[in-house]
Amino acid sequence: MKSRKLLMIPGPVEFEHEVMQAMGAPTNSHVAPAFIESFGNALELMRKVWLSPSGQPFVVAGSGTLAMDLAGANLTEPGDAVLVISTGYFGDRFAELFRRYGAEVKVLSSKPGEVVDTKIIEKELEKGIYKLMCFTHVDTSTAVRVDARLMGELGTRYNVITILDGVCSVAGEEIRQDEWGIDVVLTASQKAIGVPPGLALLMASPKAMLKWSKRKQPVFNYYADWSNWLPIMKAYESRKPAYFGTPAVNLIEALQISLQLILAEGMEQRFVRHEKMASAVRAAFNSLKMKQIPISNELAANTLSAPYYPTGIKGSDLIRHMNEAGIIVAGGLHVDLKAGYFRIGHMGSVNSSDIVSTIGALEQALYKCGYEFTCGKGLEAAQIELSD
Ligand code: PMP
């Protein structure tokens, strides 16, 4: 029997073979011409994946939280008013981060599974005091997706710098950074970007770069300071060697490969595929009478799903049985709901066989847990969506 299990958590995800080959290749010098070419190319490809021809890309070794820190450290000065729209765990993290840099933070939180009412956001923005507004595109703790286009519109109308935490959305959910007027779109390598954990990725608009360049005080975080990283990004993009901190050579080689694969599929195709995979998973839950945290399909992410355990089913048993059937899923994360739900990631290179295997394993696990349902019902619903 194959011992390898399918990783269906909301990051890290399963990675393409070519990406893993780049990870395993002998490590080059960070100033070797071949690596300079890969890094420069990766930066150029990022603009295409982010749909941000005018953006300034940053690639720095670290996790998604460093990408958040790059935005927070560089774009806030003490006393700046920052509006955080929180749909769960990661919105709250961003609020905490901004406070560390001396910002006056106002958090508008939604109930779990919901989003903050647009009227409430507008009412706050009408005060005219905010320099920055930040939101989590897909909160990985709730699987709720915020309308990024609308947030970009609001940011433009009220002249704030808009920051999109796209750790669980970039390269999976539709984002048109320039067209939608979003100033910062940040992510990490290990999710829909399709590269093992270790890279913080960020794209800043000319407006964001201008705010940073007009700072009155230095950036308080030495490693995150764009003054250190901007010359490096510019040098590699113009195919010149540069050094501030040793770049994560293999991860950047892998990033270049993954971005090429993403663009070979095409952004439009990729958005459609993620939507299809997600609707198949949701159809299976509905048919199995399993409720989900997002209160409607419109608010549900395409990159992951967050179903509640059915009443009477012990969560740890369900996850264990799925694991025995070869599928690894994640437990809950939202502090208030943690024990009552689990999460299935379906982003990156995920395909319809992965979805069928996952729903098959879910049915086996439900059956072993004694849940009353007709075996095959969830699979049937998923298959219909996938065959559409
Ligand atoms: N934001 C969101 C939406 C996330 O899902 C995560 C990670 N799950 C982070 C930020 C933090 O990323 P990391 O764990 O790579 O630091």
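What's the whole-number percent of alpha carbon pairs in the stretch 206-270 lying beyond 17 angstrom? Can you show the working numbers first?
Values: 1250 of 2080 pairs.
I get 60 percent for the Cα pairs in the stretch 206-270 exceeding 17 Å.
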Other-chain or far-sequence residues with amide H under 5 Å of T162's (modelled H): M133, D183, V184
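Could you give the Stokes-Einstein D for the chain in µm² per second, using the C-alpha Kirkwood radius, 25 °C, 0.890 mPa s? Intermediate values should be presented prior to the final figure.
Numbers: Rh = 21.4 Å.
My calculation gives 115 µm²/s for D.
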For the stretch 192-205, 3J(HN,Hα) per residue [Karplus equation, 6.51 cos²θ - 1.76 cosθ + 1.60, θ = phi - 60°, Hz, x = Gly/Pro]: 5, 5, x, 10, x, x, x, 10, 9, 10, 8, 10, 10, 6
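Quick one: compute the contact order of the stretch 163-241, relative version, from alpha carbon pairs under 8 angstrom and 6+ residues apart, as a percent. Before the final figure, lay out the partial values.
On the way: 75 pairs, mean separation 17.1, N = 79.
The normalised contact order for the stretch 163-241 reaches 22 percent.
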Counted charge near S305, where neighbours are those whose Cβ lies closer than 10 Å (Asp, Glu -1; Lys, Arg +1): +2
Once exposed loop trypsin sites (Lys or Arg not before Pro) are cut out (DSSP; at most 13 other Cβ, 10 Å), longest piece of the chain: 5-126
MRE, 222 nm, helices only [DSSP H, n ≥ 4, -39500 (n - 2.57), over the chain, to nearest 500]: -13500 deg cm²/dmol
Which of T156, T136 is most accessible, then next, and so on - probe 1.4 Å: T156, T136
Accessible surface, the stretch 113-223, averaged per residue in Å² (probe 1.4 Å): 37
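Give, rounded to the nearest 20 debye, the magnitude of the charge dipole that the stretch 15-112 has about its Cα centre when Lys and Arg contribute +1 at Cβ and Asp and Glu contribute -1 at Cβ. Before the final figure, lay out each step's value.
Numbers: 7 positive and 10 negative charges, 57 e Å.
Dipole of the stretch 15-112, to the nearest 20 debye: 280 debye.
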Residues listed by number, the stretch 140-174, amide nitrogen under 18 Å from E268 label point at 7 Å toward C-beta: 171-174
Simple Cβ-charge dipole of the chain, Lys/Arg +1 and Asp/Glu -1, about Cα centre, in debye nearest 20: 580
Rounded to 5, percent antiparallel among DSSP beta bridges of the chain: 50
Proximal lysines to K240, defined as alpha-carbon separation beneath 24 angstrom and excluding residues fewer than eight positions away on the same chain: K48
For q = 0.24 Å⁻¹, Debye-computed log10 I/I(0) when each Cα of the stretch 293-349 counts as one equal scatterer: -1.06
Cα-centred dipole magnitude for the stretch 276-388, charges only on beta-carbon of K, R (+1) and D, E (-1), debye, nearest 20: 240
Rounded tilt (10° steps) of 226-237 against the dominant C-alpha axis of the chain: 80
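Given K5/K191; K111/K207; K191/K377, which pairs have Cα atoms separated by over 25 Å? Spell out each step's value before the answer.
On the way: K5/K191 18 Å; K111/K207 32 Å; K191/K377 30 Å.
Long pairs (Cα-Cα over 25 Å): K111/K207; K191/K377.
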Cut-off of 10 Å, at most 16 other beta carbons, DSSP loop: longest stretch of the chain lacking such chymotrypsin sites (Phe, Trp or Tyr not before Pro): 1-219
Per residue value of the accessible surface for the stretch 32-102 (all protein chains in place, 1.4 Å probe), Å²: 28
Portion, in percent, of the accessible area of the stretch 98-213 that falls on carbon or sulfur, probe 1.4 Å: 49
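The values are calculated or read from the model by the stated rules, or taken from the named source; none is laboratory data. Just so we're clear, the structure is a prediction, and the values are computed from it rather than from any experiment. Positions of Cβ are generated from backbone atoms using ideal geometry, with glycine treated the same way; all protein chains shown enter the neighbour counts. To get the accessible areas, we keep the full protein, side chains included, count just its heavy atoms, and leave off ligands, DNA and RNA. Shrake-Rupley method; radii C 1.70, N 1.55, O 1.52, S 1.80 Å.
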